[in-house]
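Data block below; observations after.
The values are calculated or read from the model by the stated rules, or taken from the named source; none is laboratory data. What you see is a predicted model; the values in this text were computed from it and never measured. FYI the Cβ positions are ideal-geometry reconstructions off the backbone, even for glycines, and counts take in every protein chain you see. SASA here: full protein model, heavy atoms, side chains in, ligands and nucleic acids out. Shrake-Rupley method; radii C 1.70, N 1.55, O 1.52, S 1.80 Å.
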Amino acid sequence: MKYINKETYSEEALDIVYPFLQEAWNAIDNEYIGLTYEDFRKPKYRRDSVDGSDKIVEIMRKEQDDYCCYCMRLIRGKNITIEHVIPQQCDSDITPYTKYAPVLANRVEHVDVFKTHKPLPSKTDLMKQPHVVAHANLVASCTGIAVENNDSCCFCNGKRGNTRIVPLMLMQECMSLVGYLVNGRMYAINNNSEYKDTIKQLQLNHDRLIEIRHLWHLIQRQELLSSFVQSADERCRQVAIIKTFAVKRWSEVSVNYKKYAESEFYWNLLMDYEWFHQYYKNLP
């Protein structure tokens, strides 16, 4: 997991969010109407007129270098979901989130609190955005699909739901708070119970993720990155995995890892987690 800097594109995101807030403000009745994420999803607010892409999603992809905010999988195409760090359905007291991440404390407030600001502040005076559409509260997650021919979510956004978590990815010291062992397991520094619970709620120690991270440690240790990137067919992939485990024949490879050579789905899934090659390379 890596830190996501929500300051870099804050002005660009405000250019998208503010017109929505303007339309939600009803000056005649002195109230906000339709101040929901569902309304914010309408194409007129977010679709790029040139290529039809979702402008908010593109901002998040740039902020996150195309990695899932939780599991570090490459996100692209249909493998992207929008995650509210502070859930859409939550109590008005959002301090369980803001106390950890200054960007949330400085730029986000609960939508019910935002609605008390009448009239709508000018764009330059707008300090905090309602949590249901606030750029600082939106991150990009993968779909969590990790089983072939199965659209069920295994981890990340879909598994979390509205459960409270620590917003680790919005904390600058993120990389020193959680990490990954060479066996593939994710851990919390000093066995911190809140961080451990966040890992559990997001299912970030799902068997599939553990397998993949362990494989990337072995790939890095054996200096086999080029062999994997260039393995275009099943036989080449088998050879690469045989080298990874330092065995002599395919039959000696654990059945748990054979699927990464035998299936295009699992091979591509493994490649989506190349971030861990550099992570393990940088381990002391």
Accessible-area composition of segment 185-252, carbon plus sulfur, in percent [1.4 Å probe]: 43 percent
19 Å Cα-Cα reach of Lys115 towards lysines, excluding residues that sit fewer than 8 places from it in its own chain: Lys123, Lys128
Segment 119-216: GluC sites (Glu not before Pro) in DSSP loop, at most 10 other beta carbons within 10 Å: Glu173
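Multiplying the sequence separation of Val229 and Ala246 by 0.36 nm and subtracting their Cα-Cα distance, what value in nm do you get?
Values: separation 17, 0.36 × 17 = 6.12 nm, distance 1.83 nm.
Full-extension gain reported as 4.3 nm.
Would you mind working out the accessible area per residue for segment 112-157, using a 1.4 Å probe, and quoting it in Å²? Walk me through the numbers on the way to the answer.
Details: 1960 Å² over 46 residues.
Heavy-atom SASA per residue in segment 112-157 reads 43 Å².
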Summed residue charge, Cβ within 13 Å of Leu215's Cβ, Lys/Arg positive, Asp/Glu negative: +3
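Per residue, how much accessible area does segment 162-284 have with a 1.4 Å probe, in Å²? Don't jump to the answer; show the numbers that get you there.
Working: 6240 Å² over 123 residues.
Per-residue value: 51 Å².
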Rounded to whole Hz, the Karplus (6.51, -1.76, 1.60) HN-Hα couplings of segment 166-178, x for glycine and proline: 8, x, 4, 5, 9, 9, 4, 8, 2, 5, 9, 9, 9
Using θ = phi - 60° and Karplus 6.51 cos²θ - 1.76 cosθ + 1.60, couplings along segment 77-85 (whole Hz; Gly, Pro as x): x, 7, 8, 10, 10, 9, 10, 8, 4
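If I require 18 Å or longer along the helix axis, counting alpha carbons, and a Kyte-Doolittle average no lower than -1.0, what helices from the chain are left? Use full DSSP H segments.
The answer, listed by residue number, is 10-24, 207-221.
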Radius 11 Å from Cβ of Phe155, net charge of other residues (Lys, Arg +1; Asp, Glu -1): +4
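Tell me the Kirkwood radius of the chain: reciprocal of the mean inverse pair distance over distinct alpha-carbon atoms, in Å.
About 20.5 Å, per the Kirkwood formula over Cα pairs.
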